[in-house]
Amino acid sequence: MRGRGRTFVNRADTLPDPYSVARRRMVSEQLVPGGIHDSRVLEVMGRVKRHAFVSQGMEGQAYMDRPLPIGMGQTISQPLMVAIMTEALTIEGDERILEIGTGSGYQAAILAEMVGEVYSIERNRDLSIRARKVLFRLGYENVKLRIGIAVDLLAE
């Protein structure tokens, strides 16, 4: 994994990836036609395993350009929206990013591949715990998660 020029060992890279073709198609058939031009965003979106962040049983739909339910009344954003938000940041690579609303952890993983550190806060304990487990399993060591609401950060 990348982030500020560092390479991390992705624990999942040693496993066969049945979704690699679906990720490439997502990039070429959704993101590029959707107006995404930043090669770094396209590269990362083609590498991060979105299927690991969706609810069990929804993996086969992970690379469709639509939001998917992740539980607790929340959804994982559609890939094009994640790419648009990421491209809009005009990331240089050494940033520290604060994300409000961890959700599944997918956006945090995308950002972790591109920047030095990602700090993410999620108000729903169950979602945060699930995201933490997925991010750990995939080897994202530059993501720090908190459970709470954004106002909690102001109190510190």
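Observations on the model:
- Any hit, segment 1-8, residues being surrounded by 18 or more Cβ atoms within 10 Å (Cβ to Cβ), out of contact with any Cys (no Cβ under 6 Å at 6 or more places or on another chain), assigned to a strand (DSSP E or B) and modelled with pLDDT under 95: yes
- Inter-residue pairs, beta-carbon under 6 Å, first over 20 Å from K49 (Cβ atoms) and without any contact (Cβ under 8 Å) to a residue 12 or more places away in the chain and in segment 78-97, second of a type in the set (F, W, Y) and outside any helix (DSSP H, G or I), 6+ apart: none
- The single condition among (1) surrounded by fewer than 17 Cβ atoms within 10 Å (Cβ to Cβ); (2) touching a residue at least 40 places away in the same chain (Cβ under 8 Å) that T75 does not meet is (2).
- T75 being at pLDDT 95 or above, outside any loop (DSSP other than H, G, I, E, B) and in contact with a Pro (Cβ under 6 Å, 6 or more places away or on another chain): yes
Conditions (1) surrounded by fewer than 16 Cβ atoms within 10 Å (Cβ to Cβ); (2) of a type outside the set (D, E); (3) assigned to a loop (DSSP other than H, G, I, E, B), marked per residue:
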position	(1), (2), (3)
M26	no, yes, no
E29	yes, no, no
L42	no, yes, no
Q56	yes, yes, yes
D65	yes, no, yes
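- Cβ pairs under 8 Å, 6+ apart, first in segment 114-130 and in a helix (DSSP H, G or I), second among the charged types (D, E, K, R): S128/E122; S128/R146
The values are calculated or read from the model by the stated rules, or taken from the named source; none is laboratory data. Quantities reported herein were computed from a predicted structural model and do not represent experimental measurements. Every residue, glycine as well, gets a Cβ built from its backbone with ideal geometry; the counts of neighbours run over all protein chains shown.
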